[in-house]
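The next block holds one structure in the form of structure tokens; read it before the comments.
Quick note: the coordinates plus some simple rules give every number you see, no bench work behind them. Keep in mind that what you see is a predicted model, and the values were worked out from it rather than measured. Every residue, glycine as well, gets a Cβ built from its backbone with ideal geometry; the counts of neighbours run over all protein chains shown.
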Amino acid sequence: MSQENDIVLIYCEDKPLTFARIEEILPDHKKDWYHVKMLILQIPVQTVTWILRSAYIDGAEFTMNGKSMRLKPVISPEEDQKKEDKKTKTQVKMKKNATKAGSSRVISLPNRRKPNRKKH
């Protein structure tokens, strides 16, 4: 679930509308519903409080005044790059380990000899 201080992109009718920072998430008297206070990052800057279910805070689609809406967490491109770098390092490490163990072998199919067949 998105948390306080997270940046989200608000979509309206499947089109990006604006960015917002979640300022506060407080429980509502109804189970699994929350008061989500957001700072809308546009000019003029303003705050809004929406009452949302936990699933909606997580990105599920909901309707507001008959229009489909959803919140999508914004992830810093630097964090994406760190994840990609970690994935690449893991793959390189796995290749090295496989080579050390001798568990893998490269066979070039175009250069592979055909077995000798005896004619009857």
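Shape call for region 7-73 from the C-alpha gyration tensor, a ≥ b ≥ c root eigenvalues: rounded (a/c under 1.5), prolate (a/b greater than b/c) or oblate?
Oblate, because a/c is 1.5 or more while a/b does not exceed b/c.
If packing is taken as the average count of other Cβ atoms within 10 Å, what order do 30-43, 57-70 fall into, highest mean first?
So the peptides 30-43, 57-70, ranked by packing, come out 30-43, 57-70.
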